[in-house]
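Worksheet for the structure shown next.
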Amino acid sequence: MIDKAFSEFDETYCNKMLENNSVYFDQRLKKILRQKNFGLLKEPIEYSILGQGKRLRPLLCMETSKVFNIPSEISIFCAIAIECIHTYSLVHDDLPSMDDDDLRRGQPTVHKKWNEAIAILVGDSLQSLSFEVLSDDEFKVRDKVKNKLIYSLAEKSGASGMVLGQALDIEAESSRKQLEMDQISSLQEYKTGKLISWSCEVGPIIAGENTDPFTLYASKIGLAFQIIDDILDVTSSSKILGKKAGKDKEKNKATFVSKLGLDNSKKKATDLVAEACEAISVFKDRSKNLCQIANFIVNRQF
Ligand code: GRG
């Protein structure tokens, strides 16, 4: 059983952790961006990735690494790589041919501010930048580890991972038949789950340790993250979310909320947090931050 002091949400503690990691993350990301010669793409690339993101995936890379005493100076390369992939996915997802959104991270989407061609190229650039950062000589881990990180990120973000999830989502939208619960979960596992799972496996991969507890933890928080995303789409506003609210209903999309209702969805997400904390409880004191992050995911307001 896990210690109650660990599993109960400590908002002040969690906010401090998020803030500290975000400040360090943004500082290192800006340093990398400054060194690049992106020409006319510099402004839209910086606009997309330096926007007001929660930096959840970078946080997971750095905190799962701390479990094994790997400092943020090392895991930051993974943190930046995953945020590049995540931001590319958001920029492309917002395109008219995909989810067609005007607002992201509280500002006009890249294709609205510039145009569609620029948004496609920003996504392409961020995808390449991700692998540039991971293969950088300054990222000082053993070659075998680096190779594993590069291979697994390519796999989890590509056509057997996130991109497949996006394709399934688009297919589901164009079909007249609504998805069933197991199909919604499976779609989520690919679309949002694969990047979250990579972020959580960074620590044990760098340390050369067993990834299983972290894969399980990731599957629980990934599902909880999606359930809360569905809840916020119904209960929150575009202003708070920084993206358009009420889209699922508008599109008559089958979601956890439309299938389970609001209360049961919230309960399911809360149960998943407890299961996530349990999955990594063998790490005792060292699992505290990850347990707090799981709590943050279900208590978040945006
Ligand atoms: C276009 C190849 C391609 C893939 C897109 C992940 C994805 C696949 C699209 C995002 C669509 C979406 C809104 C999914 C819901 C869950 C999600 C990923 C929300 C955004 O992540 P946050 O809340 O965003 O972590 P911030 O801005 O805080 O980083």
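Which pairs turn up if I take residues in region 43-59 that are in contact (Cβ under 8 Å) with a residue 40 or more places away in the chain and look for partners that are within 13 Å of the ligand (Cβ to nearest atom) and in a loop (DSSP other than H, G, I, E, B) with beta carbon separation below 7 Å, at least 6 apart in sequence or on another chain?
What qualifies is G51/R105; Q52/R105; Q52/G106; Q52/G242; G53/R105.
Please specify each residue of region 245-278 satisfying the condition of being outside any helix (DSSP H, G or I) and surrounded by 17 or more Cβ atoms within 10 Å (Cβ to Cβ).
Those that are outside any helix (DSSP H, G or I) and surrounded by 17 or more Cβ atoms within 10 Å (Cβ to Cβ): A245, K253, A254, T255.
Considering region 279-302 alone, what residues qualify as being open to solvent by 30 Å² or more (accessible area, probe 1.4 Å) and in a helix (DSSP H, G or I)?
Within region 279-302, V282, F283, K284, D285, R286, K288, N289, N299 qualify.
Tell me yes or no: at least one residue of region 170-189 is in contact (Cβ under 8 Å) with a residue 24 or more places away in the chain, under 13 Å from the mean Cα position of the chain (by Cα) and surrounded by 15 or more Cβ atoms within 10 Å (Cβ to Cβ).
Scanning region 170-189 turns up at least one residue that is in contact (Cβ under 8 Å) with a residue 24 or more places away in the chain, under 13 Å from the mean Cα position of the chain (by Cα) and surrounded by 15 or more Cβ atoms within 10 Å (Cβ to Cβ).
Looking at region 120-137, which of its residues are within 15 Å of the ligand (Cβ to nearest atom) and either touching a strand residue (DSSP E or B) at 6+ places or on another chain (Cβ under 8 Å) or more than 12 Å from L149 (Cα to Cα) (or both)?
Residues satisfying the conditions are I120, L121, V122, G123, D124, S125, L126, Q127, S128.
Please enumerate the residues belonging to region 97-119 that are within 10 Å of the ligand (Cβ to nearest atom), open to solvent by 30 Å² or more (accessible area, probe 1.4 Å) and acidic (D, E).
Residue satisfying the conditions is D99 alone.
Suppose we filter region 138-165 for residues that are open to solvent by 30 Å² or more (accessible area, probe 1.4 Å) and within 10 Å of the ligand (Cβ to nearest atom); how many remain?
Looking only at that region, the number is 3.
Please identify the pairs in which a residue from region 73-95 that is under 14 Å from K31 (Cβ atoms) has its Cβ atom under 7 Å from the Cβ atom of a residue that is away from the ligand (no atom under 14 Å from the Cβ) and aromatic (F, W, Y), counting only partners at least 6 apart or on another chain.
Pairs that qualify, where the first residue is under 14 Å from K31 (Cβ atoms) and the partner is away from the ligand (no atom under 14 Å from the Cβ) and aromatic (F, W, Y), are F77/F139.
Output the number of residues of region 38-96 satisfying the condition of being assigned to a loop (DSSP other than H, G, I, E, B) and more than 16 Å from the ligand (Cβ to nearest atom).
The number of residues fulfilling the criteria is 6.
Under 7 Å between Cβ atoms, at least 6 apart or on separate chains: pull out the pairs that start in region 229-256 with a residue that is in contact (Cβ under 8 Å) with a residue 24 or more places away in the chain and end on any residue that is open to solvent by less than 30 Å² (accessible area, probe 1.4 Å) and among the hydroxyl-bearing types (S, T, Y).
If the second residue must be open to solvent by less than 30 Å² (accessible area, probe 1.4 Å) and among the hydroxyl-bearing types (S, T, Y), the pairs left are D230/T255; D230/S265; I231/S265; F256/S265.
Would you be able to say whether some residue in region 231-241 is under 20 Å from A274 (Cβ atoms) and assigned to a helix (DSSP H, G or I)?
Within region 231-241, one or more residues are under 20 Å from A274 (Cβ atoms) and assigned to a helix (DSSP H, G or I).
How many residues are within 16 Å of the ligand (Cβ to nearest atom), hydrophobic (A, V, I, L, M, F, W, C) and closer than 24 Å to V145 by Cα when one looks only at region 16-37?
Summing the residues that are within 16 Å of the ligand (Cβ to nearest atom), hydrophobic (A, V, I, L, M, F, W, C) and closer than 24 Å to V145 by Cα in region 16-37 gives 2.
Could you run through region 195-211 and say how many residues are under 19 Å from the mean Cα position of the chain (by Cα) and open to solvent by 30 Å² or more (accessible area, probe 1.4 Å)?
Final tally of qualifying residues: 1.
The values are calculated or read from the model by the stated rules, or taken from the named source; none is laboratory data. Since the model is a prediction, treat every value here as computed from it, not as a measurement. Cβ coordinates were reconstructed from backbone atoms using ideal geometry, including for glycine residues, and neighbour counts include every protein chain displayed. Each accessible area value is taken on the protein alone, full model and side chains, heavy atoms only, with ligands, DNA and RNA left out. Shrake-Rupley method; radii C 1.70, N 1.55, O 1.52, S 1.80 Å.
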